[in-house]
Amino acid sequence: MELIDTHCHLDIKEFSPQFDLLLTRAKEAGVQRIILPGVDRDGWDRMLELCRTRQGLYPAPGLHPMYLSQHRPQHLEELEKLTRTADLVAIGEIGLDYYIEGSDRAAQQELFERQLEIASQARLPILLHVRKAHDQVMKTLRAKRFSHGGIVHAFSGSAEQARQYIKLGFGIGLCGTLTYDRARRIRAIAAELPQEAIVLETDAPDIPLAGHRGENNRPEFLPEILEILAELRHEPPAETARYTTANAERLLGLKG
């Protein structure tokens, strides 16, 4: 079974000493392609270099809403330039995060809108980071008439919000949260989502799986998420692997 990890921070410095080993283990586990989302300007160069020099890695640079203090106006100019000079699969991860108390929502909104404009101009999909702000994100997508879709990373909204994202052309990213019995809402949503809407991700090193608490998450664990999803949907894992991989290819313009 060939899998695609649609959201994995394998490029971060903490993984550097083990990078090649982790990549090898991921491929041995069937995770043949990995999308590397960006969070700040400082990480883009390493991300792009790894994607140039290693097979199966794809870059999605962006400016994350949680790191407002690290972003500068010129970083948006550099991002726009990258859409013309580098082979990107998406802009990400971008969006709104209302979970953080005291965060400047107006600044987040402005940053999100500017990156939506860059993605629109480049005709690229986006990787969405959204916490407690799904309705505002969808309102913005509609107001900006964003039409290139993408993936809602580590989806945490309601069934109705999932349906609305799907209507807007987005896939729903499911991650290690599924492996926890107590995560009843997202497990129920995952069981009922249409096949064509689902993609898999680890968000490594974050969102550890139930069987790996206390460890950094790793892309090699993606098949464990697949197994739980297949069980919830009462289908063979090979079938789940087939359509989640096909969905990632379609949503991000990857060649099969």
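When the range 170-200 is filtered for residues that are out of contact with any Phe, Trp or Tyr (no Cβ under 7 Å at 6 or more places or on another chain), touching a residue at least 60 places away in the same chain (Cβ under 8 Å) and among the small types (Gly, Ala, Ser), only Gly171 remains. If you go through the range 187-204 one residue at a time, do you hit one that is more than 17 Å from the chain's Cα centre (by Cα), within 26 Å of Ile12 (Cα to Cα) and not charged (D, E, K, R)? No, the conditions are met nowhere in the range 187-204.
Tell me, please, whether a residue that is among the charged types (D, E, K, R) and either within 19 Å of the chain's Cα centre (by Cα) or within 21 Å of Asp40 (Cα to Cα) (or both) can be found in the range 139-149. Spell out the reasoning first.
Our first condition is that a residue be among the charged types (D, E, K, R); within the range 139-149, this holds for 139, 142, 144-145.
When the remaining residues are screened for being either within 19 Å of the chain's Cα centre (by Cα) or within 21 Å of Asp40 (Cα to Cα) (or both), the result is none.
Within the range 139-149 (the criterion being among the charged types (D, E, K, R) and either within 19 Å of the chain's Cα centre (by Cα) or within 21 Å of Asp40 (Cα to Cα) (or both)), the answer is no, since none of the residues qualifies.
Residue count for the range 43-66 satisfying the condition of being in a helix (DSSP H, G or I) and surrounded by 14 or more Cβ atoms within 10 Å (Cβ to Cβ): 9.
Condition check: in contact (Cβ under 8 Å) with a residue 60 or more places away in the chain, farther than 20 Å from Gly38 by Cα and surrounded by fewer than 21 Cβ atoms within 10 Å (Cβ to Cβ). Does Ala230 satisfy that? No, not satisfied. Just checking, how many residues over the range 164-191 are assigned to a helix (DSSP H, G or I) and surrounded by fewer than 16 Cβ atoms within 10 Å (Cβ to Cβ)? The qualifying residues number 5. Check the range 202-216 and report whether any residue there is assigned to a helix (DSSP H, G or I) and either among the β-branched types (Val, Ile, Thr) or touching a strand residue (DSSP E or B) at 6+ places or on another chain (Cβ under 6 Å) (or both). No, the range 202-216 contains no residue that is assigned to a helix (DSSP H, G or I) and either among the β-branched types (Val, Ile, Thr) or touching a strand residue (DSSP E or B) at 6+ places or on another chain (Cβ under 6 Å) (or both). For the range 116-158, taking the residues that are part of a loop (DSSP other than H, G, I, E, B) and in contact (Cβ under 8 Å) with a residue 60 or more places away in the chain, the one that is farthest from Arg187 (Cα to Cα) is identified as Pro125.
Every residue, every condition in (1) touching a Lys or Arg at 6+ places or on another chain (Cβ under 8 Å); (2) modelled with pLDDT under 95; (3) within 28 Å of Arg142 (Cα to Cα); (4) among the aliphatic types (A, V, I, L, M), yes or no:
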site: Trp44; (1), (2), (3), (4): no, no, no, no
site: Tyr58; (1), (2), (3), (4): yes, no, yes, no
site: His64; (1), (2), (3), (4): no, no, yes, no
site: Gln74; (1), (2), (3), (4): no, no, yes, no
site: Glu77; (1), (2), (3), (4): no, no, yes, no
site: Leu96; (1), (2), (3), (4): yes, no, yes, yes
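For the range 204-215, enumerate the residues that are surrounded by fewer than 14 Cβ atoms within 10 Å (Cβ to Cβ) and either among the hydroxyl-bearing types (Ser, Thr, Tyr) or touching a residue at least 12 places away in the same chain (Cβ under 8 Å) (or both). Across the range 204-215, the qualifying residue is only Gly211. Looking only at residues of the range 72-94 that are part of a helix (DSSP H, G or I) and either touching a residue at least 60 places away in the same chain (Cβ under 8 Å) or of a type in the set (D, E, K, R) (or both), we find that the one that is surrounded by the most Cβ atoms within 10 Å (Cβ to Cβ) is Glu80.
The values are calculated or read from the model by the stated rules, or taken from the named source; none is laboratory data. Just so it is clear, the model here is predicted, and its values are computed rather than measured. As a convention, Cβ positions derive from the backbone with ideal geometry for all residues, glycine included, and neighbour counts pool all protein chains shown.
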